[in-house]
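Participant: Would you mind keeping the following structure in view while I ask a few things?
What follows draws every value from the coordinates through simple rules; no lab data is involved. Note that the coordinates shown come from a computational prediction; the quantities given were computed from them, not determined experimentally. Because the Cβ atoms are built from the backbone with ideal geometry, glycine has one as well, and the counts that use them run over all protein chains shown.
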Amino acid sequence: MAQGSSGHTAPIGYDDTPLIPGTEWHVHDGTRPQPRVITPGSGNSQNEPPSDATVLFDGSDLAQWVGSDGQAGWKVENGYMEVTRTGNIQTQEHFSDCQLHLEWAAPAEVEGDSQGRGNSGVFLMGNYEIQVLDGYNNPTYADGITGAIYGQYPPLVNACRKPGEWQTYDIFFTAPRFGGQKLISPAYITVVHNGVLVQNHRAAMGPTGHKRAPSYDEPHPAKGPIMLQDHGDPVRYRNIWIRAL
């Protein structure tokens, strides 16, 4: 999510956005400390889905997905799907608490910088974004780097592989609970990026937004789709499966 760039060095973050609740940092603050960079373990083999998983994408078609106007318009070839600037796609089935596995790759040919480089996102319930970004040697604001709970929590470390290499996300999600108009408990999110824990049972402060402080302004349905973001960059996805918890 967020601003792109075109052949020039983009500014890193903002200083005129609201403060993130409970922190000293503005939303997408360019001065927020960056996560430490590490090198993930080797190996990019596709994980076999467990027997109780629902396979959302096996490399053959987009039958489990829809676009904003009906049919999902992303390209499918060679066992992966690729963003084609036709809009976000989301699962036909809706989910609540879940375990989600997916693999993604930013373009091998680097174009742009900061938020304009290999940008996409994985939205739980269509509301809570785990940032997808080519974050390899790519400075950007900390709450928008790869593996961030966008606009809220930077990852514990930056575990990015090089551009073009396949990367894995394993996401464990507990949906928020509402009682009438009142929030009873927030969403909780754990993210493992390339085998490295980068978000440890974080309490989401609300649905994802851009340049605004997160909050639970109003309740939403108990289930929602998994949504993949079309941010205009040709990011690829493969081997997507989910387990309802």
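Participant: Which residues among the range 54-95 fall inside the zone where the amide N is under 12 Å from a point 7 Å beyond the Cα of H220, along Cα→Cβ?
Facilitator: Output list for this probe position: 95.
Participant: Sticking with this structure for a sec: How much length would be gained if the chain were fully extended between R177 and L19, taking 0.36 nm per residue of separation minus their Cα-Cα distance, in nm to one decimal?
Facilitator: Full extension of this stretch gives 54.4 nm more.
Participant: I've got another one for you. If exposed trypsin sites (Lys or Arg not before Pro) are those in a DSSP loop with at most 13 other Cβ within 10 Å, what is the longest stretch of the chain that has none?
Facilitator: 86-211
Participant: Cut-off is 10 Å between beta-carbons; in what order do Y153, Y80 appear when sorted fewest neighbours first?
Facilitator: Listed from fewest to most nearby Cβ atoms, that is Y80, Y153.
Participant: Magnitude of the Cβ-charge dipole of the range 74-179, K/R +1 and D/E -1, about the Cα centre, nearest 20 debye? Walk me through the numbers on the way to the answer.
Facilitator: Values: 6 positive and 13 negative charges, 30 e Å.
Magnitude of the dipole: close to 140 debye.
Participant: Let me ask something else about it. Please order D29, D58 by the number of other Cβ within 10 Å, starting at the fewest.
Facilitator: D58, D29
Participant: For the chain, just the Cα atoms, rotate onto the principal axes and tell me the three extents in Å, largest first.
Facilitator: Answer, in whole Å and largest first: 48, 45, 37 Å.
Participant: If you keep only loop residues by DSSP, which GluC sites (Glu not before Pro) in the range 18-98 have at most 12 other Cβ atoms within 10 Å of their Cβ?
Facilitator: E24
Participant: Excluding K162 itself, calculate the net charge of residues whose Cβ lies under 14 Å from the Cβ of K162, where each Lys or Arg counts +1 and each Asp or Glu counts -1.
Facilitator: Net of charged neighbours comes to -1.
Participant: Can you sort H28, H101 from fewest to most other Cβ atoms within 10 Å of each residue's own Cβ?
Facilitator: So the ranking, lowest neighbour count to highest, is H101, H28.
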